[in-house]
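Notes for the one structure printed next.
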Amino acid sequence: MRAVKIGVIGLGAISCGSHLPGILGCQDAVLSAVCDIDADVLKRVGDQYQIDDTHRFTDYRQLIASPDVDAIEICTPNDCHFPMAMDAVSAGKPFSLEKPVTLTADQAYQLEQATRASNIKNMVCFSYRFKAATRYLRHLVQTGALGEVFHVNLRYYQSWGMPEADCPLVWRFIKKRTGSGALGDLGSHALDLVRFVTRQEYRSVAAHLGNRVPLRKLEDGSGTGQSDVDDYCDCLAQLDGGASASIQVTRLAYGRVNYQQMEIYGSKASAVYTLDEIPNLDELQICTGQPILSARDFVKADIPSSFQANQTQAFLDILNGCEDGLSATISDGRINQQIMDAVLEAGEKQTWIPLVGNDIQEVCL
Ligand SMILES: NC(=O)c1ccc[n+]([C@@H]2O[C@H](COP(=O)([O-])OP(=O)(O)OC[C@H]3O[C@@H](n4cnc5c(N)ncnc54)[C@H](O)[C@@H]3O)[C@@H](O)[C@H]2O)c1
């Protein structure tokens with residue numbers, strides 16, 4: 001099989017931490033081109049990955065147009081996702097797109113329609129779908145091992161937004177560049193994971209969002225500027241299978257670098273996964289037996305190795321037509337964006353917002 005030539009746009013944290021090493025680690029892929037608007041970043045990454053000057057770009061359109069690029073990975077700030085993915089579709093090239101897919105549900109819908117109309121292969125990087133603990137928990141729900149799901153609680157906590165961390169006013173704090181704050185950053189994963197694991201759709205949401213660190217130093221050191229997005233978001237949701245979900249995300253959780261925990265309480269058993277409490281150390285615990293006896297134990301489960309997965313390989317499998325169907329598509333991304341828009345509206349209006357009739361269609365959970 002010929003190696004797929006991949007071009008990567010945006011060479012920041014997620015690119016250097018996941019996408020670029022991911023491509024290098026896949027035998028059926030080759031990193032053929034890179035793009036970043038920051039010339040220094042472009043030089044550093046281009047040198048590190050030995051990309052020749054003719055395949056380094058500061059204009060993403062040139063990367064998309066390059067005959068040496070078969071598929072594109074889009075790893076830029078959120079406001080760039082829509083135009084870049086639309087241009088990939090126009091060029092007839094498959095894309096893998098970072099989350100959240102767009103700034104608004106309207107954009108996400110347009111992108112989904114265009115992608116489908118041109119039959120472009122695609123993936124959205126809801127990375128936690130590739131965790132073995134996540135897939136195993138989904139399997140337990142799907143096989144009925146937990147019984148009917150009553151409650152889902154998901155907490156996704158980080159600490160880098162705390163005042164002590166003194167993070168400057170980067171794009172993640174500016175609404176017109178990011179769409180929303182902790183919601184889009186962490187909540188997009190969380191909202192997707194609840195769908196992915198329970199295979200239930202959202203029917204209504206209520207939410208409370210807040211900003212506790214409105215002033216942040218400017219990146220150039222010239223003073224301070226206003227952060228106009230949420231630092232945290234607490235969301236309640238009713239799912240169409242009857243489950244009640246509670247989702248909390250924050251950038252202000254002292255001591256939590258990247259901590260995620262999902263609890264599922266079912267009629268036959270309960271299960272809890274904890275991801276990255278210690279980096280890359282994931283754990284799943286299950287509680288079975290008589291539920292109303294006190295002090296039932298949650299016992300650590302051995303996760304079968306068949307539940308291991310790799311995000312970059314999953315993209316290549318989509319391109320090669322041998323995917324397992326568990327990766328997120330642009331339709332999952334669009335649904336995710338619709339739910340986030342509803343969460344923002346619920347927070348603003350302080351009321352429940354229904355999602356029924358929101359055109360949640362043709363997505364195979
Ligand atoms: N899947 C995950 O778990 C995960 C984790 C972190 C970030 N992300 C997502 O990845 C995306 C990037 O996040 P990050 O943390 O890497 O950000 P970052 O700020 O570290 O890097 C973004 C890079 O994109 C470049 N860039 C900006 N505009 C550009 C343009 N027009 N053309 C080319 N390059 C441009 C910047 O110069 C920078 O190098 C975001 O959408 C974020 O939500 C996903």
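Before moving on, here are some points about what is shown:
- Scan of the stretch 138-161 for residues that are under 15 Å from TYR259 (Cα atoms) and part of a loop (DSSP other than H, G, I, E, B), ordered by number: GLN158, SER159, TRP160, GLY161
- Residues of the stretch 75-130 classified as farther than 20 Å from GLY179 by Cβ, more than 11 Å from the ligand (Cβ to nearest atom) and in contact with an Asp or Glu (Cβ under 8 Å, 6 or more places away or on another chain), total: 2
- Single condition GLY184 does not satisfy, out of (1) within 12 Å of the ligand (Cβ to nearest atom); (2) outside any helix (DSSP H, G or I); (3) among the small types (Gly, Ala, Ser): (2)
- Residue in the stretch 122-137 that is nearest to the chain's Cα centre (by Cα), counting only those that are in a helix (DSSP H, G or I) and farther than 23 Å from SER246 by Cβ: PHE130
- Residues located in the stretch 162-181, provided they are of a type outside the set (A, V, I, L, M) and part of a helix (DSSP H, G or I): PRO163, GLU164, TRP171, ARG172, PHE173, LYS175, LYS176, ARG177, THR178
- Filtered residues of the stretch 310-355 (kept if free of Cβ contacts under 8 Å to residues at least 24 places away in the same chain and over 25 Å from THR104 (Cβ atoms)): ASP317, GLY321, CYS322, GLU323, ASP324
- Number of positions in the stretch 92-114 that are crowded, with 16+ Cβ neighbours inside 10 Å and assigned to a loop (DSSP other than H, G, I, E, B): 9
- Count - residues of the stretch 323-357 that are more than 19 Å from VAL229 (Cβ to Cβ) and part of a loop (DSSP other than H, G, I, E, B): 11
No lab work stands behind these numbers, since they all come straight from the coordinates. This structure is a prediction, so every number in the text was calculated from the model and none was measured. Virtual Cβ from ideal backbone geometry, glycine too; neighbours counted across all protein chains shown.
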